1. Those residues that are surrounded by fewer than 24 Cβ atoms within 10 Å (Cβ to Cβ) and either without any contact (Cβ under 8 Å) to a residue 40 or more places away in the chain or out of contact with any Phe, Trp or Tyr (no Cβ under 9 Å at 6 or more places or on another chain) (or both), I need them from the stretch 29-44; list them, please.
2. Kindly indicate the residue of the stretch 161-197 that is surrounded by fewer than 16 Cβ atoms within 10 Å (Cβ to Cβ), touching a residue at least 40 places away in the same chain (Cβ under 8 Å) and of a type outside the set (A, V, I, L, M) and also nearest to L263 (Cα to Cα) among those meeting that condition.
3. Can you tell me how many residues within the stretch 264-308 are of a type in the set (V, I, T), open to solvent by 20 Å² or more (accessible area, probe 1.4 Å) and either at pLDDT 90 or above or touching a strand residue (DSSP E or B) at 6+ places or on another chain (Cβ under 9 Å) (or both)?
4. Looking only at the stretch 11-34, count how many residues are polar (S, T, N, Q) and closer than 14 Å to K302 by Cβ.
5. Given L8, L26, L47, which one is at pLDDT 95 or above, open to solvent by less than 80 Å² (accessible area, probe 1.4 Å) and either under 17 Å from D72 (Cα atoms) or not small (G, A, S) (or both)?
6. Taking only the stretch 198-210 into account, find how many residues are part of a helix (DSSP H, G or I) and open to solvent by 70 Å² or more (accessible area, probe 1.4 Å).
7. Is it true that some residue in the stretch 225-236 is in contact with a His (Cβ under 9 Å, 6 or more places away or on another chain) and crowded, with 17+ Cβ neighbours inside 10 Å?
8. If the Cβ limit is 7 Å and pairs must be 6+ apart or interchain, which residue in the stretch 47-75 that is under 13 Å from D32 (Cβ atoms) pairs with which residue that is surrounded by fewer than 19 Cβ atoms within 10 Å (Cβ to Cβ) and at pLDDT 95 or above?
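The values are calculated or read from the model by the stated rules, or taken from the named source; none is laboratory data. All values reported here derive from a predicted model rather than from experimental measurement. Cβ coordinates were reconstructed from backbone atoms using ideal geometry, including for glycine residues, and neighbour counts include every protein chain displayed. The protein model used for the area step is the full one, side chains on, heavy atoms only, and it has no ligands, DNA or RNA in it. Shrake-Rupley method; radii C 1.70, N 1.55, O 1.52, S 1.80 Å.
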Amino acid sequence: MAVTGDLLAEEFTAHRAHLISVAYRLTGSVSDAEDAVQEAWLRLAGLTDDQRAAIRDPRGWLTTVVGRLGLDRLRSATARREHYVGQWLPEPIVAGFGPRPGEDPLEVAVRDDGVRMAAMVVLDRLTPEQRVAFVLHDAFSVPFAEIAEILGCSPAAARQHASRGRRAVAEADPPPRASMAEQQAVLERLLAALSSGDVRAVAEVLHPDVVLIGDSDGKARTTRQIMVGADKITRFFVGVFRKYTDDAVAGARALLVNGDLGLYLPPAPGDEDHVPLDAHVSTLVIRDGLVVAIYDQANPAKLAHLPE
């Protein structure tokens, strides 16, 4: 890898989408992923010519660097969550606000089924060590010897971390992506039912054991506790929608969230009879034509990167 200057930057750019995907799967944070990839570039650029020439597999070397950085950020996030208000969800990767480069690294990352929100939520339940070992080995084929170096453990222990992570993901059984046509049909039915305030129609779109998880860190209006059950969630949504003006609800629009169809509610003012609406990005998880999970992102910090 004895290249310098523009050639080095060009080679790094060729790996950037891959590295963003690795970092995002490890951290669940767009900003942390981008920071980790930028740090990997700085470390590569800071090597001497001889050090770079000794790198036989640049993609593998960079993946390992991002793995170490991702582990650091995961451990830091674990500490931050002790003071987080309410539930914690992965930061969404959003598209659909307008033209973006076709090969934007984030756009490339969400094409992978493993980056859908349902899968990312499951990864958040793993320990940092389980997540790093499972993601690097199962998704990116990093050898356990290299993972062990990242984790500071033996290859056997790294293998065990990956096995436990794999088992947890299998037991959670996140549904695969529904077709875009199915997602569109379900979203349209749900929006029509919510707009009409028809409790029965809303319930018919939801699985009996549907789960609603909101993430706001106490900075916006959404549920702080995990809600379970079609009846409970239906009444919650119908009641919430009545608190907003008709114009605020009418501003809802579909967009892609981690490659799946989701819903964006832009911020809107209230009036003497209605409360202001905070910005929301909601992701639907669909199985057999019904909504089985709704992830409602309202934390302004996690929506700060939305394109204009």
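1. Listed by number, the residues that qualify are S29, S31, E34, D35, Q38, E39, W41, L42, R43, L44.
2. Q184
3. 1
4. If we filter the stretch 11-34 for residues that are polar (S, T, N, Q), which is where we start, we get 13, 21, 27, 29, 31.
Filter again for closer than 14 Å to K302 by Cβ, leaving 27, 29, 31.
Final tally of qualifying residues: 3.
5. Values: L8 fails: at pLDDT 95 or above; L47 fails: at pLDDT 95 or above.
Going through L8, L26, L47 in turn, just one is at pLDDT 95 or above, open to solvent by less than 80 Å² (accessible area, probe 1.4 Å) and either under 17 Å from D72 (Cα atoms) or not small (G, A, S) (or both): L26.
6. Count: 2.
7. Scanning the stretch 225-236 turns up at least one residue that is in contact with a His (Cβ under 9 Å, 6 or more places away or on another chain) and crowded, with 17+ Cβ neighbours inside 10 Å.
8. L69/E39
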